[in-house]
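Here the structure comes first, spelled out in structure tokens, and everything after it is commentary.
The values are calculated or read from the model by the stated rules, or taken from the named source; none is laboratory data. The shown structure was predicted, so the numbers you read here are calculated from the model rather than taken from an experiment. Backbone-built Cβ (ideal geometry, glycine too); neighbour counts: all protein chains shown. In case anyone asks, the SASA skips ligands and DNA or RNA and just uses the protein heavy atoms, side chains included. Shrake-Rupley method; radii C 1.70, N 1.55, O 1.52, S 1.80 Å.
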Amino acid sequence: MTNSLSRRWLVALAATAMVGAAAVASPAVASPSSAAGASAAPARLTNLAHLDFLLDTASPGAVDGHSTYRLAEEPAITMPWTYADSRPGGTFARVGGGPLDPATGHYGQGAYNADDITRAAVVYLRDWKQSGSAASRTKAYELLRSVAYFQTSSGPNAGNVVLWMQSDGTFNTSPVPVELPDPSDSGPSYWLARSLWAFGEGYADFKDSDPAFASFLQQRLQLGVAALDREVLNKYGTYAIADGARVPAWLIIDGADASAEAVLGLSAYSAAAPGDTASRTALAQLAEGISKRGAGSSTQWPYGAILPWAESRSMWHAYASQMPAALAVASTVLKNPALLEPAVADSVGFTTELLAAGGPDNGWYPTPVDTTQIAYGADSRLQSLLAVATAGDRPGIRQLAGIAGSWFFGANPSGRPTYDRATGVTFDGVQPDGTVNPNSGAESTIHGLLSMLALDANPDVAARAVATPATVSHDGLTVVQAESATATTGTIVTPASAWTGESQFGGGAYLSLPSKSTASLAIPAGSGARHLEPVTFEPNPGSASSVWTAGRIPLGIIRDGVGAQGITAVPGALLPQTLTLPIGAGATTVTVRATSGTVQLDAVIVRPLVSRLVLGGASASTELVHSTSVLPLPTRVGTAGERTTVRTYDSGGRLLQTRVISGSSTILLRPGGFAVVTR
């Protein structure tokens, strides 16, 4: 729950990382760790013990607009506590969100929240269907009943969902700090989207074994779809403007991210109930909106990524980035292959870039300003790669999934596992300094388990992920901040807030270069040719331009200026632009000269034409190389003294060639293509 809303809070919180900013409260209950038995790891990766520990019950009774299935006969509803704070001795304390009032036992937010209840239900549903566990079936049933209780069933907000509940079963519809919408069931929200995810998968899984309960879930899903139709999809087919770009106006809270989680549930439901035309139409419309957020190319920001928020051209975040997964499953259910195209571009063009740069960062705005990494982000990438690989029969993308999955076992900036197979604990992420957050709240636990369930369902991918738990080296996207210029006639400007409302100045400052001003920046030497992408604040109204050189070699001209502000927070946008010519491996200085207007230079993104990531383990290794060149590019791969298998893929993840090599060898990468070398 800690990171689900952070994008919407950025305006108020200046885009600070939220991992670990959970509750300040006394423990509700503590659980002993079973770390002593870590050597006796279960055969499956999935271990539900910690999520089981987080579950608790309340008996709120029927209130106006809120009831659930068989509430009179079964008055208790089941929910996970939001946070679990680490305590000495390997134990955890279950706590709620916000400050605790000792007099009432209430938290500023609450003990339980709909975001986590919905996703916990999905965990138990998937475990039940995968393992046949009767216990997981029962927990899925109980959690789905709870989701339904949080849904407002009558009145003007019917179909929407309350977010927070106290431990005694009292709703808190207006928590502190304030979250939008306020009250929490007064409009569309992430938690509405996630209720559709849970109801959709729940209906599909209970349809045959418990038709009466499935019918109830169907009614509640249809109630949620009616809210979507009333509040979101009534704008279907209309567009807004975001700093000159045309963006769909019919996404949930303007988010492809929130809409994607609704699409996951609607896809499962529509496959099981194809005759429900209203829900199928909602699925098709949301999927279409998500597909229109794909942008860029292998040489231009955002490198094929599906951007999460229609109100920003500059923002991408790993958490809740299941847009490719949603498009993949929707393309199959709707028999619409066009939906798969942006999902493939995201998987091959962007995710390879992300992996080589260091992993699933919380936020590129547009430079990597929040390098916290959490399970929600890692899981979103893994789920997306597996779904796209399956829907499109793309074996290369399946290889990428094995690389992404290694994050949980140690291939992350901490070098330590973030998931404990022996206890089911998924830690609350890796901080920018490489330390592991030792807490283990519901959101991290849920998404760690969703990844383990996905890996258990794909044992070949799991085997590769587990076998390569160490990052040996990576050579990918890096950033040079403009304020570090070695020489300049410009001025360093430190704004009151680095956050603009839709992007963020990396390093908290930028370099102002009026016309005829110059600056020289040191660029670290590289292993090969590199793209340079100056990141400038492009104004509206107005314009600016600059000329870039490396010694006597002209690299390109940057012209700044965007279109109408429209729905964004401020006029203008902070955006990278790729210079026409790359620089060579030995070039270490570039010079910029402003030629018109005032150039507001935030940074320069440096991207190798061939990015590289090497993972290793006791008896296995994986090497990923990805080309961003527009021409075929010879590339050296392999390691001296080792016999490895090289598989090369095109820009769509289709297999081109498989061969075995001894030692180092030269391969040819197709434009935008990649290769995976395994031992």
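Results, tabulated for the structure shown:
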| item | result |
| --- | --- |
| Net charge contributed by nearby residues that have their C-beta within less than 13 Å of T152 (K/R +1, D/E -1) | -1 |
| Cβ-based charge dipole, the chain, positive-most Cα from G526, S312, S473 | G526 |
| Estimated inter-spin distance, T281 and R643, nm [label 7 Å along Cα→Cβ] | 6.2 |
| Total charge dipole magnitude, the chain, about the Cα centre, Cβ charges on Lys, Arg, Asp, Glu only, Debye to nearest 20 | 2060 |
| Efficiency of FRET from Cβ geometry, S665 and R44, R₀ 35 Å, rounded to 0.05 | 0.40 |
| Separation of the R230 and Q657 label points, Cα + 7 Å toward Cβ, nm | 6.0 |
| Given charges at beta-carbon only (K, R positive; D, E negative), |dipole| of the range 496-578 in Debye | 300 |
| D_trans [Stokes-Einstein, Kirkwood Rh over alpha-carbon pairs] for the range 478-608, 10 °C, 1.306 mPa s, µm² s⁻¹ | 108 |
| Spin-label pair R636/S473, simplified geometry with 7 Å Cα→Cβ offset, distance in nm | 0.9 |
| Hull volume in cubic angstrom per residue (convex hull over the Cα atoms of the range 185-297) | 99 |
| Nearest-0.05 FRET efficiency for A529 and S497, computed from C-beta distance (R0 41 Å) | 0.65 |
| Gain in span if fully extended, A135 to S209, counting 0.36 nm per residue against the direct Cα distance | 25.2 nm |
| Stokes-Einstein translational diffusion, the chain - Kirkwood Rh over all Cα pairs, 0.692 mPa s, 37 °C, in µm²/s | 129 |
| By accessible area with a 1.4 Å probe, ligands and nucleic acids excluded, highest first: order of R612, R94 | R612, R94 |
| Using alpha-carbon coordinates, inclination of helix 190-206 to the longest axis of the chain, degrees | 60 |
| Amide H contacts under 5 Å for A522, placed H, 5+ residues apart | T486 |
| Integer Hz, Karplus 6.51/-1.76/1.60 couplings in order for the range 153-161, x for Gly and Pro | 9, 8, x, x, 9, 4, x, 6, 9 |
| Angle between the chain longest axis and helix 256-272 axis [Cα atoms, degrees, rounded to 10] | 50 |
| Debye log10 I(q)/I(0) at q = 0.13, 0.15, 0.25, 0.26 Å⁻¹ for the range 167-243, Cα point scatterers | -0.57, -0.71, -1.11, -1.13 |
| For the range 82-240, size of Cβ-based charge dipole, Lys and Arg +1, Asp and Glu -1, in debye | 340 |
| At q = 0.18 Å⁻¹, base-10 log of I(q)/I(0) for the range 236-340 (Debye sum, equal scatterers on each alpha carbon) | -0.80 |
| Sequence of D475, D276 from largest to smallest accessible area, 1.4 Å probe | D475, D276 |
| Full-extension gain in nm, T589 to S297, via 0.36 nm per residue minus C-alpha separation | 102.5 nm |
| Contour minus Cα-Cα distance for S543 and T57 (0.36 nm per residue) | 169.1 nm |
| Rounded to 10°, Cα long-axis angle of helix 211-231 versus longest principal axis of the chain | 50 |
| Rg/Rg_ref, the range 594-658, where Rg_ref = 2.2 N^0.38 Å and atoms are Cα | 1.66 |
| R0 of 51 Å, Cβ-Cβ distance A158-R552: FRET efficiency to nearest 0.05 | 0.15 |
